[in-house]
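Report on one structure; see the data block that follows.
The values are calculated or read from the model by the stated rules, or taken from the named source; none is laboratory data. Values in this document were obtained by computation on a predicted structure and should not be read as measured data. Neighbour counts are summed over all protein chains in view; Cβ atoms, including those assigned to glycine, are modelled from backbone coordinates with ideal geometry.
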Amino acid sequence: GGRGLGPGSGRRAGSGGGRGLGRGRAEPRAWLAGGRSLGPGGRITSRLAEVFNQRCEVNRRAATSGCVINTCGWVKGSGYQALVHAASAFEVDAAIVLDQERLYNELKRDLPHFVKTALLPKSGGAVERSKDFRRESRDEKIREYFYGFRGSFYPHAFDVRFSDVRIFKVGAPTIPDSCLPLGMSQEDNQLKLVPVQPGRDLVHHLLSVSTADSPEENLIETSVAGFIVVTSVDVERQLFTVLSPAPRPLPKSILLIMDIRFMDLK
């Protein structure tokens, strides 16, 4: 098995050793969409569906039980298209909509006729989450990734030399269609890998550690080993300090930067 960076790869509180996430049966599969926007989300959704179907071919229990897709609350524009794409990629046979009649009617119209679409009322007292609440929830989940539930994990802090890693960003800056190279679409531009030079602006950024061995591989559709966060950058010494769920060294050298930042204030 390989070395992973999953939660719990470091020392547990009150235990004598760590629990690594290698290529064992319990290892989850994770991909990077680039940040809070959808970005290459369609490609990743298709890849996730492909991996799930491969699992069903060799695992009778998975094939029998199927899967439940918990979608996000973005249900307009690109968010709605992502919902329809996920339903198509996974070949869903049932879609349950909570308390949104308009979304229910749109899915009823756009999904294949064999998909059973149901509209259910929301539970009493349930309210829509505000933007601030969603941001706080995301920060709490990131903190839990490194420190565990109620501080049950002890993450590691160590230095990484600039020369030991290669950092890329998914998606080039948006430009008008008229300025795109011949034969290139906006989608291609969103999927473009842009090299990132390490600098002070890396501080507090989340980075994913790709399992790819070379940038020539399809980094977008390659799963990630885990995530680290940059806590400081020393340009003079050409290194940056990271918070990691597993001890040094990093399992791979290709990192993908996210537009999500995390400040460990607690």
Report the residue count in the stretch 223-248 for those that are in contact (Cβ under 8 Å) with a residue 40 or more places away in the chain and either more than 13 Å from ASP159 (Cβ to Cβ) or in a loop (DSSP other than H, G, I, E, B) (or both). 11
Evaluate the following for VAL209: is it closer than 16 Å to ILE260 by Cα, under 16 Å from the mean Cα position of the chain (by Cα), modelled with pLDDT under 85 and not assigned by TED's automatic domain parsing to the domain that holds LEU103? no
Could you list all residues from the stretch 141-154 that are touching a residue at least 24 places away in the same chain (Cβ under 8 Å) and in a helix (DSSP H, G or I)? ILE142, ARG143, GLU144, TYR145, PHE146
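Residues are listed down the side, and each one gets a yes or a no for (1) within 30 Å of HIS204 (Cβ to Cβ); (2) assigned to a loop (DSSP other than H, G, I, E, B); (3) in contact with an Asp or Glu (Cβ under 6 Å, 6 or more places away or on another chain):
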site	(1), (2), (3)
LEU83	no, no, no
ALA86	no, no, no
LEU107	no, no, no
THR117	no, no, no
GLY124	no, yes, no
ARG129	yes, yes, no
ARG134	yes, no, no
ASP139	yes, no, no
Residue within the stretch 82-95 that is surrounded by 11 or more Cβ atoms within 10 Å (Cβ to Cβ) and at positive phi present: yes
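Conditions (1) assigned by TED's automatic domain parsing to the domain that holds ARG43; (2) at pLDDT 95 or above; (3) under 20 Å from the mean Cα position of the chain (by Cα); (4) of a type in the set (Lys, Arg), marked per residue:
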{"residue": "SER163", "(1), (2), (3), (4)": "no, yes, no, no"}
{"residue": "ASP177", "(1), (2), (3), (4)": "no, no, no, no"}
{"residue": "SER185", "(1), (2), (3), (4)": "no, no, no, no"}
{"residue": "ASP188", "(1), (2), (3), (4)": "no, no, yes, no"}
{"residue": "LYS192", "(1), (2), (3), (4)": "no, no, yes, yes"}
{"residue": "GLY226", "(1), (2), (3), (4)": "no, no, yes, no"}
{"residue": "GLN238", "(1), (2), (3), (4)": "no, yes, no, no"}
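Examine the stretch 138-149 for a residue that is under 29 Å from VAL230 (Cβ atoms), within 23 Å of the chain's Cα centre (by Cα) and at pLDDT below 90, and state whether such a residue exists.
Residues of the stretch 138-149 under 29 Å from VAL230 (Cβ atoms): 138-149.
Going one step further and asking which of them are within 23 Å of the chain's Cα centre (by Cα), we end up with 138-149.
Still in the list and also at pLDDT below 90: 138, 149.
The answer is yes; a qualifying residue exists.
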